[in-house]
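Beneath this line is the structure, given in structure tokens, with notes to follow.
Any read-out appearing in this document is the output of simple, stated calculations on the displayed coordinates, not a laboratory observation. The structure presented is a predicted model; accordingly, all values stated were derived computationally and were not measured. A quick note on method: Cβ atoms are made from the backbone with ideal geometry, for glycine too, and the neighbour counts reach across all protein chains shown.
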Amino acid sequence: MTEIPEHLLKRSASRRGKKPADGEGGGEAAKEPGSAVAPAQAAGPVEPPAIREAAAAVPRDPDPEPPKPEPAYVQAAKKRKKMPMWAMAIPALTLLWAYSFAGTMQQPEVEDPLFIESAALYSSQGCAGCHGAGGGGGVGYQFSNGEIYATFPEPIAQAVHIARGSAAITGEQYGDPERPGGARVAGNRGVMPNYPGITQNELELIVFHERVTLGGEDPSDPAYEEWMEHMREVAEGVLPDRPIDLEFFLACANPETTPGATGDVDPNEQEFCPGPLLETEEVASE
Ligand code: HEC
């Protein structure tokens, strides 16, 4: 047992002499050792007087000040409900969800109006209904995983096919003659409707969506980037849009991949052909 230092014992004795200790709990310890010990205390384990004296000696504010009221903001903070454990997982889960979403969309350029508008046209024109929202195919062919540019190595051939549809060329071969698995033949899978009523810019945007966003074609080629810039400028009204002119498209297209194409576009008109600008020799040559 620890010894009670002499000075403490003295101090406690002097305090005892002065006044009874304050109400709470102090009364007992303040009592004269040996005199009028409470029965409950007597019955309990014997408490050596020295301990009680020491307890009484512990300096105690005789008249403790009431605790200062806490500032309003502290009280508010204490009252506020604590965030439950499960709620703490929400930010992490949100991040995970965003990541998985980004993975399925495969388009980091979602901010670019070119991607947004072309995607909107693809669904508003009904293409998604037959070819799938993600281009996975359905009634019509699949576009994703490069299927679309396997059929049409150049966007112009694809633009002609969409504008004209497949009924006008039933039984004819179209697209890349060397296509893996055999060249496409119009009508083999049903009927692709024609789209003569949309504008050239709308058509080009749809072609772009099918090739880049759905098909996964790399648009980083300079000629491709120029085409994208051109589509943006027309969509923004900086350059004029034009109605679809199938005759002119056929002059732009390569007869090797497009039935009815002539490939004899006037070099001065070439810049109005849908798709990236092709080299004049390429267009002219077979
Ligand atoms: C009513 C269903 C339907 C709609 C709507 C539709 N297509 Fe098609 N599409 C088809 C079918 C069926 C084929 C195959 C036709 C054939 O066998 O010649 C096809 C073929 C195609 C092809 C040729 C693909 C290849 O690899 O040979 C392209 C490109 C295409 N569609 C684009 C579009 C676009 C763009 C739109 C919207 C503007 C669209 N389709 C709307 C049913 C549809």
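Worth pointing out:
- In angstrom, the C-alpha Rg and Dmax of segment 111-242 are 14.3, 43.
- Taking the average, over residues, of other Cβ atoms within 10 Å as the packing measure, peptides 246-258, 220-232 rank 246-258, 220-232 from highest down.
- Rounded, prolate or oblate (a/c below 1.5 giving rounded, otherwise prolate when a/b exceeds b/c) for segment 187-286 by Cα gyration tensor: rounded
- Applying 1/(1 + (r/R0)^6) with r as the Cβ-Cβ distance of residue 245 and residue 111 and R0 = 45 angstrom yields a FRET efficiency of 0.85.
- Treating each Cα of segment 171-222 as one equal point scatterer and applying the Debye formula with no solvent, the log10 of I(q)/I(0) at q = 0.15, 0.19, 0.21, 0.30 Å⁻¹ comes out as -0.63, -0.95, -1.06, -1.05.
- Over segment 111-242, relative contact order from alpha-carbon pairs under 8 Å, at least 6 apart, %: 28
- Cα gyration tensor category, rounded, prolate or oblate, for segment 206-250 with a/c compared to 1.5: oblate
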